[in-house]
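Report on the structure given below.
The values are calculated or read from the model by the stated rules, or taken from the named source; none is laboratory data. Note that the structure is predicted; figures quoted are calculated from it, not measured. With ideal geometry, Cβ positions are generated from the backbone for all residues, glycine too; neighbour counts draw on all protein chains shown.
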């Protein structure tokens with residue numbers, strides 16, 4: 001996995017190149033104003049991938065977010081928590097992505113081969129640039145890579161690590177950590193695009209940080225249509241104080 005040494009190197013035949021996850025070198029182009037603007041717009045659309053996917057229903061004994069309403073005397077309202085994802089330019093940086101602009105001409109000939117930075121091996125460009133956590137490419141906004149890397153940015157592990165696989169928690173970049181079953185491979189933290197209940201962890205953790213206390217056992221509702229309104233809060237009757245009359249003093 002690329003990570004040691006420079007991300008951008010100069011090859012004697014190809015000029016300036018980006019190193020992919022397997023250390024293969026792909027020729028790159030300089031960024032210009034138009035290419036930056038176009039990429040930034042497409043990258044921003046990654047917000048849609050993770051936004052409005054889950055609704056957290058707190059357990060029955062969770063009352064830290066309850067609030068009264070004059071419309072429901074004798075009750076408090078217990079809200080469900082809508083899980084949102086926002087990408088804000090100019091905000092305090094939480095994640096930095098290095099992005100290379102791959103020269104599209106190299107893909108015009110699928111038989112064209114690119115060299116390895118560390119060995120004498122070559123591979124055909126039709127196999128593509130393997131992006132990694134240290135370097136994305138401008139082409140990734142059109143592939144599942146964008147959602148996957150944004151998942152890492154909010155502290156998502158690869159799918160087998162999310163399932164508790166000890167080996168993948170220690171060495172997450174093993175091929176098997178991207179999934180060994182069709183369902184795992186289809187997950188956004190595998191090699192696919194599907195978001196399932198197992199991906200709600202960052203929001204549960206964030207909620208836990210806000211409210212404190214022991215870990216909560218929440219129910220999760222998957223939201224498949226962003227236009228549908230989430231479930232309304234639950235009405236919880238307020239416990240009435242015990243009567244004081246008739247007590248011995």
For this session: Give just the number: which of (1) surrounded by fewer than 16 Cβ atoms within 10 Å (Cβ to Cβ); (2) under 21 Å from residue 35 (Cβ atoms); (3) touching a helix residue (DSSP H, G or I) at 6+ places or on another chain (Cβ under 9 Å); (4) without any contact (Cβ under 8 Å) to a residue 60 or more places away in the chain does residue 139 not satisfy?
Result: (1)
Problem set entry | Output for the stretch 160-175, where each listed residue is without any contact (Cβ under 8 Å) to a residue 24 or more places away in the chain, more than 18 Å from residue 132 (Cβ to Cβ) and in a loop (DSSP other than H, G, I, E, B) | 164, 165
Exercise. Here are some residues: 198, 210, 220. Which one is under 14 Å from residue 53 (Cα atoms), at pLDDT below 95 and not in a loop (DSSP other than H, G, I, E, B)?
Worked result: 220
For this session: Name the residue, out of 156, 149, 184, that is surrounded by 13 or more Cβ atoms within 10 Å (Cβ to Cβ), part of a loop (DSSP other than H, G, I, E, B) and touching a helix residue (DSSP H, G or I) at 6+ places or on another chain (Cβ under 9 Å).
Result: 156
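One line per residue, one yes/no per condition, for (1) within 26 Å of the chain's Cα centre (by Cα); (2) in contact (Cβ under 8 Å) with a residue 60 or more places away in the chain; (3) at positive phi; (4) not in a loop (DSSP other than H, G, I, E, B):
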{"position": "18", "(1), (2), (3), (4)": "yes, yes, no, yes"}
{"position": "36", "(1), (2), (3), (4)": "yes, no, no, yes"}
{"position": "49", "(1), (2), (3), (4)": "yes, yes, no, yes"}
{"position": "52", "(1), (2), (3), (4)": "yes, yes, yes, no"}
{"position": "63", "(1), (2), (3), (4)": "no, yes, no, no"}
{"position": "76", "(1), (2), (3), (4)": "no, yes, no, yes"}
For this session: Please determine, by comparing only the residues of the stretch 67-85 that are touching a strand residue (DSSP E or B) at 6+ places or on another chain (Cβ under 7 Å) and within 19 Å of residue 203 (Cα to Cα), which one is surrounded by the most Cβ atoms within 10 Å (Cβ to Cβ).
Result: 83
